[in-house]
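Note sheet for the following structure.
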Number of protein chains: 2
Amino acid sequence: MTAEELASERRRLAEQALKLCLKRGEEIPLQKLAAEEGIARARVEQIFADDDGLFESLAELWMEPHIAEMEDVLASDLPPNRKMYEFFVRRFRISRERYRSDPAGFALLCELGAARFEKVRSFVDLADHYLSELIAQAQADGYFPGFEIDMALSLINQMVGNYTLPDALLYIDEKLSEEKLAHIIDSIFVGLSAENGGASGVNTLRIAT
Amino acid sequence: MTAEELASERRRLAEQALKLCLKRGEEIPLQKLAAEEGIARARVEQIFADDDGLFESLAELWMEPHIAEMEDVLASDLPPNRKMYEFFVRRFRISRERYRSDPAGFALLCELGAARFEKVRSFVDLADHYLSELIAQAQADGYFPGFEIDMALSLINQMVGNYTLPDALLYIDEKLSEEKLAHIIDSIFVGLSAENGGASGVNTLRIAT
């Protein structure tokens, strides 16, 4: 089998596994996938090695549209605030659409992802890498003055977390909206600065009694 | 038994239940509490009605320091940005201290709270009520221009969520800090406004290709 055939077979089987997983409401181990597809267990082990490997391929498939959107946004020539909004809103829309069309399946995938976080970490790292690029571009235009990129990255991730963590949809879908995300991004672009704005108190006389 | 005696007995038993729950790593049902305390089951049922009632008393006990801090901050004469920072940071410190001194016990209480969310909703509602007061005070000073209180409330809750949702400590404790919370509150006070800042795009020609 050529590398190309192998990749294409891996993808086909991962698609099947994802479909079965959403249909049955449970993770599909290699053995079951082999039985369902009528192929030898040794064959699927050659392709995925083990259940972890299968989950990884399944996660890659699931994240493909997210990655495509991030790359499109990065390659665009929008101004930094527009870019950052699109960077978050497009992935949020994909997740919301998936959640609403199959809440139980979506919850299951959240759960599987949390249980195998080391297998999804590379997607989190990739998103951080792209967001760091956006931050660097914005800083070149004068936004987020005074921050190291990592600090701005962490702050933005925390402020926008409800729109990136898929679990948020399970709990507060009806409280999340494009309009609110836009206000948050606007607030970040206007207000986020390493300067001490006074919230934490510069004057000990001001500690509450 | 007078109402006062009843309240004091309820508190004592809730304290015992909380202690047992943290020690054993599991919820303590009424029956077990009665056995542990060597009192009749009918007696604990008279006090708590059922397991839900016991959990509610336990949650009240657990949230008591949070509520005291919120009320202290509300009663202080700090400027609005200092007030809001203290409103969040004091509760965050309580939670972080609890989490770090007993991570497994803390995780268990998060889990129990999530499973009986209707019993903790009143604390969420109370925190929202107090935060709405802070927002109204800040708006009187010109902050968050143009927003209905409910909209500002929702946006601030979303941006600060990692410092109020106890579960966040289980996952990103090391990424949460007083310094970052202060930057977030500063950013909210400088930047949060109902005005369209442009992130969501005012010009269709600007949609990314």
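The values are calculated or read from the model by the stated rules, or taken from the named source; none is laboratory data. Treat the numbers as computed from the prediction; the structure is a model and nothing was measured. Here the Cβ positions follow ideal geometry from the backbone for every residue, glycine too, while neighbour counts run over all protein chains shown. These accessible areas exclude ligands, DNA and RNA; they are computed on the full protein's heavy atoms, side chains included. Shrake-Rupley method; radii C 1.70, N 1.55, O 1.52, S 1.80 Å.
So, in region A:187-201, exactly how many residues are in contact (Cβ under 8 Å) with a residue 24 or more places away in the chain, facing another protein chain (nearest Cβ under 7 Å) and not in a helix (DSSP H, G or I)? Qualifying residue count for the region: 1. Is it true that B:Leu74 is farther than 20 Å from B:Leu169 by Cβ, touching a Leu at 6+ places or on another chain (Cβ under 9 Å) and open to solvent by less than 10 Å² (accessible area, probe 1.4 Å)? Taking the combined requirement at face value, the residue does not satisfy it. Looking at A:Gly146, is it more than 7 Å from chain B (Cβ to nearest Cβ) and either modelled with pLDDT of 95 or more or out of contact with any Gly (no Cβ under 8 Å at 6 or more places or on another chain) (or both)? Here the answer is yes, as A:Gly146 does meet what is asked.
Of all residues in region A:168-186, those being more than 9 Å from every other protein chain (Cβ to nearest Cβ), in contact (Cβ under 8 Å) with a residue 24 or more places away in the chain and open to solvent by 30 Å² or more (accessible area, probe 1.4 Å) number 1. Would you point out which residue out of B:Arg82, B:Arg12, B:Arg96 is part of a helix (DSSP H, G or I) and within 14 Å of chain A (Cβ to nearest Cβ)? Only one candidate passes the filter, namely B:Arg82. Remark: pairs (first residue in region B:136-147, under 10 Å from B:Phe189 (Cβ atoms); second residue open to solvent by 70 Å² or more (accessible area, probe 1.4 Å); Cβ separation under 6 Å; 6+ apart in sequence or on different chains) are absent. Of the residues A:Lys32, A:Lys23, A:Lys19, the single one that is open to solvent by 70 Å² or more (accessible area, probe 1.4 Å), over 30 Å from A:Asp173 (Cβ atoms) and either outside the structural domain of A:Ala115 (by TED's automatic domain parsing) or not in a loop (DSSP other than H, G, I, E, B) (or both) is A:Lys32.
Taken together, A:Leu126, A:Leu134 contain a single residue that is crowded, with 17+ Cβ neighbours inside 10 Å, part of a helix (DSSP H, G or I) and of a type outside the set (Gly, Ala, Ser), which is A:Leu134. Checking each residue in region B:94-104 for being touching a residue at least 12 places away in the same chain (Cβ under 8 Å) and either within 11 Å of the chain's Cα centre (by Cα) or surrounded by fewer than 17 Cβ atoms within 10 Å (Cβ to Cβ) (or both) picks out B:Ile94, B:Ser95, B:Arg100, B:Asp102, B:Pro103, B:Ala104. In the set A:Glu45, A:Glu64, A:Glu5, only one residue is open to solvent by 50 Å² or more (accessible area, probe 1.4 Å), at pLDDT 95 or above and either assigned by TED's automatic domain parsing to the domain that holds A:Glu111 or in a helix (DSSP H, G or I) (or both); that residue is A:Glu64.
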